[in-house]
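Quick notes on the structure that follows.
The values are calculated or read from the model by the stated rules, or taken from the named source; none is laboratory data. Predicted model, so just to flag it, every value in this text is computed and none were measured. Reconstructed Cβ throughout: ideal geometry from the backbone, glycine too, with neighbour counts over all protein chains shown. Protein only, heavy atoms only, side chains kept; ligands, DNA and RNA dropped before computing areas. Shrake-Rupley method; radii C 1.70, N 1.55, O 1.52, S 1.80 Å.
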Protein chains: 2
Amino acid sequence: MAELGFIGLGIMGKPMAEHLLKAGNTLYVYDVVPQSVADLKQQGAIACASSKEVAGKAGIVIIIVQDTPNVEAVLFGENGVAEGIKPGSIVVDMSSISPIATKEFAKKLKAMGVEMLDAPVSGGQVGAQNATLSIMVGGSPENFAKIKPYFELMGKNIVLIGGNGDGQTCKVANQIVVALNIEAVAEALLFAAKAGADPAKVREALMGGFADSRILQLHGERMIKRTFQPGFRIRLHQKDLNNALESARKMGLSLPNTAAAQELFNSMAAHGGSDLDHSAMVQALERMANHTVA
Amino acid sequence: MAELGFIGLGIMGKPMAEHLLKAGNTLYVYDVVPQSVADLKQQGAIACASSKEVAGKAGIVIIIVQDTPNVEAVLFGENGVAEGIKPGSIVVDMSSISPIATKEFAKKLKAMGVEMLDAPVSGGQVGAQNATLSIMVGGSPENFAKIKPYFELMGKNIVLIGGNGDGQTCKVANQIVVALNIEAVAEALLFAAKAGADPAKVREALMGGFADSRILQLHGERMIKRTFQPGFRIRLHQKDLNNALESARKMGLSLPNTAAAQELFNSMAAHGGSDLDHSAMVQALERMANHTVA
């Protein structure tokens, strides 16, 4: 059993940390919210006062926080990981952030003798609680092999995509497809409804052919049944598409439909929909058309 | 065995007509290309000199031609179906055309005492040859029941969606989703490639989660392996998206990503790609990015 650090005990991080703890690992934990640290302490974790302290005590430091600037602050901010970490340690960032920034962070850590894996997850809160997350990993095969036993305590579908940043790249690609498949189903079902056909029958017919997708099956049904409680919140998918579009701009890449999908999410936010499920993107199109799917 | 008319003996129509003929039906056939009529005659069909003649001889008239103006010409043009058809007959339009125009055609035929079903197909040339087409039907349940035995000679997944035009609406919805899922996979794989990750590994990882789709599986592989021989030609998908966008404009509906996908197809046409498989849409994004998926 290992000595692990865990920084970020939010909706995702808390159940993930608990799985590591229950497996018998020693867990040094930190979060900006003291209550979150206290909760884990009660379960046997060792409370720390900063990311620096966590990194000083554990040779493997797992991070799962909100977005790129948060990871940067945890790693290189005041009382951050970089101030406490020893050469030979491994930082495992499981946040979903910019692949470009991730490569920079890995380079900075490398210069300090510290290894890094990026390992963003998909599967949401339910996947975190049930330890069924998909984990997309970037980094060296050696470091991947060292951390894999801990990934297996938190997830099921664990894939090494490539070098540093490639896990984040894969996650961004995933979020692009998910957003655009939602948008596709929304346009198609709204077209059907506006033309007077029954969207439920159209969805069923489409599931038999090339148009079939997980999104048609799951999110298509949500659009028809109007079940927009999250699920995956629009505000989080906006963050992921921002990583896509910001990275694309830096790389010189045009993502026209990702940009349009982000605009629809922005419109949802303008109407107070940031905390609805991402399938509610259809409402932005519905408002434009003055017509609803169901 | 029935007396059937069949108008349109192209890549799709020819094998479909052959299935009806082989099952023992009497088949009156017409096509603007005399050789196509001669081919069917050799197999036992009865050659006619016009759509009018077909409609005068058969109580059920099946049509499968290119686009909305072609169907209109077959039905209401000179020597068209309307000039020869008897009240009580059923017109079955298996072309993929505008749902709005289809409703108008059904109304005009109804006024002549003629019933109509719209029954566009998906599955392409291979599906037509193997009698495994998906058939999306609009019209009355009574007429659907009458024609179903003949549909079953040509297809497998045969669904009555709703009233006149709803079959075409379903087909348009299908083509919207297929085009936009192709576009989604193209943006995601190009993002991955440009960011330096292996698109093949990203595709495999994505197939395990919410991003999975038939298009990711089939067309995603084509983008990576650069196998762009059709398959389904860009020029035909352009026609279908034109039906989507034209109908949307008439109905007062905004389909932003369908419009963008059509622009990418238009760009492919500008570069001589009209007869490539629709998965080659990725090339339009690749040109914009000055980078390729593989």
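Some values worked out for this structure:
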{"read-out": "Filter result (of a type in the set (A, V, I, L, M, F, W, C) and either in a loop (DSSP other than H, G, I, E, B) or under 24 Å from B:Gly165 (Cβ atoms) (or both)) within the range B:244-264", "value": "B:Ala244, B:Leu245, B:Ala248, B:Met251, B:Leu253, B:Leu255, B:Ala259, B:Ala261"}
{"read-out": "Check on B:Phe228, modelled with pLDDT under 95 and in contact with an Asp or Glu (Cβ under 8 Å, 6 or more places away or on another chain)", "value": "no"}
{"read-out": "Selection count where residues are touching an Asp or Glu at 6+ places or on another chain (Cβ under 8 Å) and surrounded by fewer than 20 Cβ atoms within 10 Å (Cβ to Cβ), scope the range B:283-294", "value": "1"}
{"read-out": "Members of the range A:200-211 that are in a helix (DSSP H, G or I), surrounded by 24 or more Cβ atoms within 10 Å (Cβ to Cβ) and either among the small types (Gly, Ala, Ser) or more than 7 Å from chain B (Cβ to nearest Cβ) (or both)", "value": "A:Arg203, A:Ala205"}
{"read-out": "Answer from B:Ala294, B:Ala270, B:Ala259 - the residue that is under 30 Å from A:Glu286 (Cβ atoms) and not charged (D, E, K, R)", "value": "B:Ala259"}
{"read-out": "Residue in the range A:237-277 that is farthest from the other protein chains (Cβ to nearest Cβ), counting only those that are free of Cβ contacts under 8 Å to residues at least 24 places away in the same chain and either open to solvent by less than 10 Å² (accessible area, probe 1.4 Å) or under 20 Å from A:Val121 (Cα atoms) (or both)", "value": "A:Asn242"}
{"read-out": "Verdict on B:Ser51 being touching a Phe, Trp or Tyr at 6+ places or on another chain (Cβ under 7 Å), among the polar types (S, T, N, Q) and modelled with pLDDT of 95 or more", "value": "yes"}
{"read-out": "Spans of helices (runs of 4 or more DSSP H) in the range A:89-189 with at least 3 residues open to solvent by 20 Å² or more (accessible area, probe 1.4 Å), more than 10 Å from every other protein chain (Cβ to nearest Cβ) and without any contact (Cβ under 8 Å) to a residue 12 or more places away in the chain", "value": "A:99-111, A:141-154"}
{"read-out": "Of all residues in the range B:56-88 being polar (S, T, N, Q) and open to solvent by 50 Å² or more (accessible area, probe 1.4 Å), the one that is farthest from B:Asp166 (Cα to Cα)", "value": "B:Asn79"}
{"read-out": "Flag for A:Arg226 being away from every other protein chain (no Cβ under 11 Å), at positive phi and in contact (Cβ under 8 Å) with a residue 24 or more places away in the chain", "value": "yes"}
{"read-out": "Test result for A:Ser267, among the hydroxyl-bearing types (Ser, Thr, Tyr), closer than 20 Å to B:Ala260 by Cβ and part of a loop (DSSP other than H, G, I, E, B)", "value": "no"}
{"read-out": "Hits in the range A:20-39 - residues which are surrounded by 18 or more Cβ atoms within 10 Å (Cβ to Cβ) and touching a Leu at 6+ places or on another chain (Cβ under 6 Å)", "value": "A:Leu20, A:Leu21, A:Asn25, A:Leu27, A:Val29, A:Asp31, A:Ser36"}
{"read-out": "Number of positions in the range B:240-259 that are among the small types (Gly, Ala, Ser) and farther than 12 Å from B:Ala173 by Cβ", "value": "3"}
{"read-out": "Condition met for A:Val61 (in contact (Cβ under 8 Å) with a residue 12 or more places away in the chain and either under 24 Å from the mean Cα position of the chain (by Cα) or part of a loop (DSSP other than H, G, I, E, B) (or both))", "value": "yes"}
{"read-out": "Residue check for A:Ala280: away from every other protein chain (no Cβ under 12 Å), surrounded by 20 or more Cβ atoms within 10 Å (Cβ to Cβ) and closer than 14 Å to A:Leu189 by Cβ", "value": "yes"}
{"read-out": "Residues of the range B:18-55 satisfying the condition of being of a type outside the set (A, V, I, L, M, F, W, C) and under 16 Å from B:Val91 (Cβ atoms)", "value": "B:Tyr28, B:Tyr30, B:Ser50, B:Ser51, B:Lys52, B:Glu53"}
{"read-out": "Test set (1) touching a residue at least 12 places away in the same chain (Cβ under 8 Å); (2) over 25 Å from B:His237 (Cα atoms) - B:Asp198 fails condition number", "value": "(1)"}
{"read-out": "Check on A:Arg214, at the interface with another protein chain (Cβ under 10 Å from one of its Cβ atoms), open to solvent by 10 Å² or more (accessible area, probe 1.4 Å), of a type outside the set (Phe, Trp, Tyr) and within 27 Å of the chain's Cα centre (by Cα)", "value": "yes"}
{"read-out": "Looking only at the range A:40-55, and only at residues there that are of a type outside the set (Gly, Ala, Ser) and over 18 Å from A:Leu117 (Cα atoms), the one that is most open to solvent (accessible area, probe 1.4 Å)", "value": "A:Gln42"}
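Per-residue answers, yes or no, for (1) closer than 21 Å to A:Ala244 by Cβ; (2) at pLDDT below 95; (3) not aliphatic (A, V, I, L, M):
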site	(1), (2), (3)
A:Gly113	no, no, yes
A:Gln125	no, yes, yes
A:Asn130	no, no, yes
A:Ile135	yes, no, no
A:Asn143	no, no, yes
A:Ile147	no, no, no
A:Leu160	no, no, no
A:Asp166	yes, no, yes
A:Lys171	yes, no, yes
